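One structure is given below, encoded as C-alpha cells.
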Amino acid sequence: MTAPIEISTHGAIGLIRFTRPPVNALGVAMRAAIAEAHQAFEADSRIAATALTGDGRLFSAGADITEFDSGRRSPLLTEVIAQLEQGRKPVIALIDGIAFGGAFELALGCDYRYALPGARLSFPEIRLGNIPGAGGTQKLPRLAGGPAALELILSARVLSAEEALALGIVDAVLPDLNAALAHLAAEVADTLPRRRLIDREVAGPQDALDEIAAPFLRRARGAPATAAALEAVRRAHTMPIAAALDWERETFRRLNTSPEARAQRHLFFAERKAAKVADLPPGTEARPVDNVGIVGAGTMGRGIAMAFADAGLPVTLVEQEAERLDAALDGIGRAYAQQVARGRIAEDAARARTGRISGTTDLAGLAQADLVIEAVFEAMEVKREVFAALDRVAKPGAILATNTSTLDVNRIADATGRPEDVLGLHFFSPANVMKLLEVVRAARTAPDVVQTAMTLGRRIGKVPVCVGVCDGFAGNRMFINFNREAQILVEEGALPWQVDRVFTEWGLAMGPFAVMDLAGLDVGYRIRQARAAGRDPAEPYPFTAADRLAEAGRLGQKAGRGWYTYGEDPRKGIPDPEVEALIAEVAGEKGIARRAVSDEEILHRGLWQLVNTGGYILGEGIAQRASDLDVIFTSGYGFPRTRGGPMHTAEVYGLARVVAEIERFHAAHGRHWRPAPILLDRAASGAPLDAGG
Ligand code: 3H9
C-alpha cells in the first residue's frame, strides 16, 4: 500500500499532498499521517506555514465512509482539525479538485483557502442521512452567513471555484499549484497572520433559516438529518462555538447509527457496485460513443434524445412521417423553454441542447451513429422490422439498443445478423429526468457492448444497472407483483386509499392506486387485454375492478375519475363511494368475504411480494446482486432512499422473519407466494443475500 500523503517543502511552506487512492478519503491512516506531518512542520523552524493539497482531480472525498460501521479510531477528524487550529503556524488549503464533506471541513479548519480552477466543494452528508460532523455546520456560517450555509448543507449542491469565491468561502482562485505555492511564498515572507474561523462570530440575521429549510423538511419524509441541520445552523447563530461544535459532533455520531443513515450508506455503496458487471473479462474496453441515433420520436424517444443532448452528445432523431418529426422537435424545444422559464437551465444551455438534436425521416441518416436506440411502438414485429432495417444501414460496430420494457431482447437481437451488438437500454419515463437505466444484457450481447452501456449510462448522469432478459426485466417484474398484491388486498377487504396511505406513510412517493390513476387505467388495461390469451389460470387475477373502471371511462387523473375522483385540485384524489361499491360488488361475484385488513398486513404483503420476486430474479441470475434491486427501486420507482430499497428492508427486518411471513402468506393465499429458494437458503444459513458479493 502506498503512503496516504506525500510531504515536500517549498521555501518556507511545508506541503502535505494527499495521495490515497481512489478518492483520498480521510481514513484513520491518512488522518494520522496528516497530524504527524503537521506536527513536524510546526516543529521545523525553517517552515512558516503548512499547506494541504490533493492530487489535482481530488482534494479529498471526505470522511472514509467504509469506517462508519467499524467504530471510531483516533486521531478523529475533529481532533486533527483542532490540532491545525491550535498550532502556532497558519495552515492553508489549496483546493485543487473535489473537496467534499470532511475534506471541506478540513479546509474550514485552515486559516486560508485557495481554490484552483478544478475545485468543487460540497457537503454531501445529508445524502448519507447526516449533517457535517467536523465543524462544517458552525464554520461555514461564519464565512458565508447562516442562510447560505444552510442551503448548501441541505441541498448538497456542488460549488465551483468561482461560486465558492463569490460566497467568500475561498480567498482567491489561483491558476495552478505552482502559482499557488509562489503566491504563498510571497505571503509568508510578509508573515502571514493566523485567521481561524473559530475566532469569528456569525454575521447576518438568522430569520431566513426556517424559510430555507421548509421545502427540504417537506421532502425529507421524516428523515431526521434535515431538522438537525436547521438546528445546527441556528446554534451557529446563538451559541458559543465550542459548545455548538460539541453538539454537532454528538448529533453526527447519533445520526450515523440511525436506520436512515445506514440505509443511505448501503445505497451509496450499492450504486457503485451496480456500476460494475462482475463477469466481464478483465480489461474489457468500452466502445467510443460520440453520437447517438434514436428511432421513434414519441414520449420515450424525445426524453431519451434530451438525456443525451443534456450530456453534450449530438443526437439524430428518426421518425417516419415529417409531421410527427416536426412535432417532436417542437416538443423538445418547448420542453427546454419550460426548463429555462422555471430557472432550471440558462437560455444559452437550452439553445445548445436543442441544437444538438436534429431530425430525419430517413433511417439511412443513422449510418454513422455509434449507438442507435429504438423507441418505437411496443410490439415485437414492429421492433424486429426496425432492427432488420438498422442492420442494413448501421455501420459495423455500432451498438443497437432497444428501449423495450417488456419484450424479449433475444428475439429482437435475432432480427439482425449481429446479435452481439444488440442489447436493451430500458429508460424510465420521463427519460431525461428519471435516474434509472436498466442495461439489459441479452444471450449474445458482447461484453464490450455491455461495458459501453454501463459507462455511457454514468456519463449521461444515469444510474445504470445490468439485468438479464425476462418478462419485465428486474424492476417491472417486481413492481407488477407488488401492484397485483395491492389489488388482491383490495379484493380481500382493504380500500385503495388505505393501501396508498400505508405505503406513503412508510415513505413511497405515491401509493399503487394513485400511480395507476396518474399513469392512466387504460395503460394496464390494454396490456392485460393483449396478454389475456397467455394468462396462467393458476395465477390470481385481481384486476377485475381495475378493468371495469377502465371500461367505464374512469381512466384516472386525465379523466378526473379513476380509483379516486378529482375535484378542484386535478392531482389530489378523493375517495369515492362508487369505487368502494364496485369493489364490494366484484368481491361478491368472486365469493370473497371481505374483512378488515390491518395496515401491517398491507405493508408486509406489498413489501415481501417485492422481496420474494426479487429472490426469484436473483436465483435466475437476472440481477447480479440483491443490492442492485435496491438501486433499481430507489432510482426508478420512488422507493424512499431512507429505507435503502426492498432487499435492504428485508435484511434489516431479518430474513428469517420475512421468510416465516412469506410461508404464512403462501399457506393462506396460494402459489403466487411460493418462497424463493434463495430466501429460504439465506434464512436458514443466516448469510446475507449478497454473501460474498
Ligand atoms: C463526511 O465527510 C462526514 C464528515 O462531515 C464528518 C466526519 C467526522 N469514503 O464514486 P466513485 C469509493 S461523510 C470511502 O465511483 P467518482 C467508492 O466507494 C463523507 N470510499 O468515483 C468507490 O469504491 P469502489 C462525505 C469512498 O470518481 C471509489 O471510491 N463525502 C468515498 O465517480 C470511487 O468512487 C461523500 O459523501 C468515501 N468518502 O466520484 C463523498 N467516496 O471503487 C462521496 C468514494 O470500491 N463520494 N469512495 O467501488 C463521492 O461523491 C464520489 O465518490 C466522488 C468521486 C465525487 C468523490
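The values are calculated or read from the model by the stated rules, or taken from the named source; none is laboratory data. It should be emphasised that the depicted structure is a prediction, and the values quoted were computed from it without experimental measurement. No Cβ is skipped: glycine too gets one built from the backbone with ideal geometry, and neighbour counts run over all protein chains shown. Side chains included, ligands, DNA and RNA excluded: accessible areas come from the protein's heavy atoms. Shrake-Rupley method; radii C 1.70, N 1.55, O 1.52, S 1.80 Å.
Between A660 and F377, the distance separating the two model label sites (each 7 Å from Cα on the Cα→Cβ line) works out to 5.3 nm.
The length gained by stretching the chain between R249 and D330 to full extension, at 0.36 nm per residue less their Cα-Cα distance, is 23.9 nm.
I'd like the carbon and sulfur percentage of the solvent accessible area for the chain, probe radius 1.4 Å, heavy atoms only, ligands and nucleic acids excluded. Let's see the in-between values first.
Working: 15500 of 28960 Å².
Accessible surface attributable to carbon and sulfur in the chain totals 54 percent.
Full extension of the chain segment joining D290 with E323 gains 9.1 nm, where the gain is 0.36 nm per residue of separation less the Cα-Cα distance. Checking the cross-link pairs K273/K462; K89/K139; K276/K462; K139/K462; K395/K462 against a 22 Å limit on the alpha carbon distance flags K139/K462; K395/K462 as lying beyond it. Rolling a 1.4 Å probe over the protein chains gives M30 an accessible area of about 0 Å². In degrees, nearest 10, range 0 to 90: what is the angle between the Cα axis of helix 241-256 and the longest Cα principal axis of the chain? Approximately 30 degrees, to the nearest 10. Hey, with R₀ at 22 Å, roughly what FRET efficiency would A684 and V652 work out to, going by the Cβ-Cβ distance, to 0.05? Step by step, r from the Cβ atoms, then E = 0.70.
Each of A533 and K590 was given a label point 7 Å from its Cα along the Cα-to-Cβ line. The distance between the two points is 2.5 nm.
Rolling a 1.4 Å probe over the heavy atoms of the protein chains gives segment 5-257 an accessible area of 40 Å² per residue.
Packing, taken as the mean count of other beta carbons within 10 Å per residue, orders the peptides 611-617, 357-363 from highest to lowest as 611-617, 357-363. Per residue, the solvent-accessible area of segment 313-449 (1.4 Å probe, heavy atoms of protein chains only, all protein chains present) comes to 45 Å².
Counting only protein heavy atoms and using a 1.4 Å probe, the accessible area of R444 comes to about 140 Å².
Can you tell me how segment 416-477 classifies by the Cα gyration tensor, rounded, prolate or oblate, using a/c under 1.5 as the rounded cut?
Numbers: a/c = 2.14, a/b = 1.33, b/c = 1.60.
Verdict is oblate for segment 416-477.
Before anything else, pin down the relative contact order of the chain: Cα pairs under 8 Å, at least 6 apart, normalised by residue count, whole percent. Relative contact order of the chain: 9 percent. Going by the alpha-carbon gyration tensor, a ≥ b ≥ c the square roots of its eigenvalues, is segment 164-293 rounded (a/c under 1.5) or, if a/c is not under 1.5, prolate (a/b greater than b/c) versus oblate? Here segment 164-293 falls in the oblate category. Could you state the angle between the C-alpha long axis of helix 146-155 and the longest principal axis of the C-alpha atoms of the chain, as a value from 0 to 90 degrees rounded to the nearest 10? Its long axis makes an angle of about 40 degrees.
In a reduced charge model with +1 at each Lys and Arg Cβ and -1 at each Asp and Glu Cβ, segment 643-693 shows a dipole moment near 180 debye about its Cα centre.
Helix 224-238 and the longest principal axis of the Cα set of the chain meet at an angle near 30°.
Annotation: the antiparallel percentage among DSSP beta bridges lying fully within segment 5-257 is about 30. Please label the shape of segment 240-300 as rounded, prolate or oblate, based on the square roots a ≥ b ≥ c of the eigenvalues of the alpha-carbon gyration tensor (a/c under 1.5 means rounded; beyond that, a/b larger than b/c means prolate, else oblate). Since a/c reaches 1.5 and a/b is larger than b/c, the shape of segment 240-300 is classed as prolate. Taking θ as phi - 60° and the Karplus parameters 6.51, -1.76 and 1.60, the scalar couplings of segment 164-181 work out to 4, 5, 4, 7, x, 7, 10, 7, 6, 10, 10, x, 7, 5, 4, 4, 5, 5 Hz in sequence order, x denoting glycine and proline. Between A346 and A166, the C-beta separation translates, for a Förster distance of 22 Å, into a calculated FRET efficiency of about 0.85.
One compactness figure for segment 292-471 is 0.97, namely its Cα radius of gyration divided by 2.2 N^0.38 Å. Taken over the chain, the ratio of Cα radius of gyration to 2.2 N^0.38 Å equals 1.06.
Distance between the modelled labels on A367 and A278, one decimal in nanometres: 4.5 nm (7 Å Cα→Cβ projection). Amide H to amide H, with H built 1.01 Å from N, L317 comes under 5 Å of I294, S358, G359, T360, counting only residues 5 or more places away or on other chains.
Beta bridges from DSSP with both residues in the chain: antiparallel share about 25 percent, rounded to the nearest 5. When the surface is traced with a 1.4 Å probe over the full set of protein chains, T238 keeps roughly 90 Å² accessible.
Put simply, when 41-53, 277-289 are sorted by average Cβ atoms within 10 angstrom per residue, most first, you get 41-53, 277-289. Using the Cα coordinates of segment 131-171, the gyration tensor eigenvalues translate into equivalent-ellipsoid semi-axes of 16, 11, 9 Å, sorted from longest to shortest. Only Lys, Arg, Asp and Glu carry charge here, each on its Cβ (+1 for the first two, -1 for the last two); on that basis the chain has a dipole of about 620 debye about its Cα centre.
Between E36 and A185, the FRET efficiency estimated from the beta carbon spacing at R0 = 30 angstrom works out to 0.80.
Residues whose amide H lies under 5 Å from that of A415, counting only those 5 or more places away or on a different chain, are absent; hydrogens are built 1.01 Å from N in the peptide plane.
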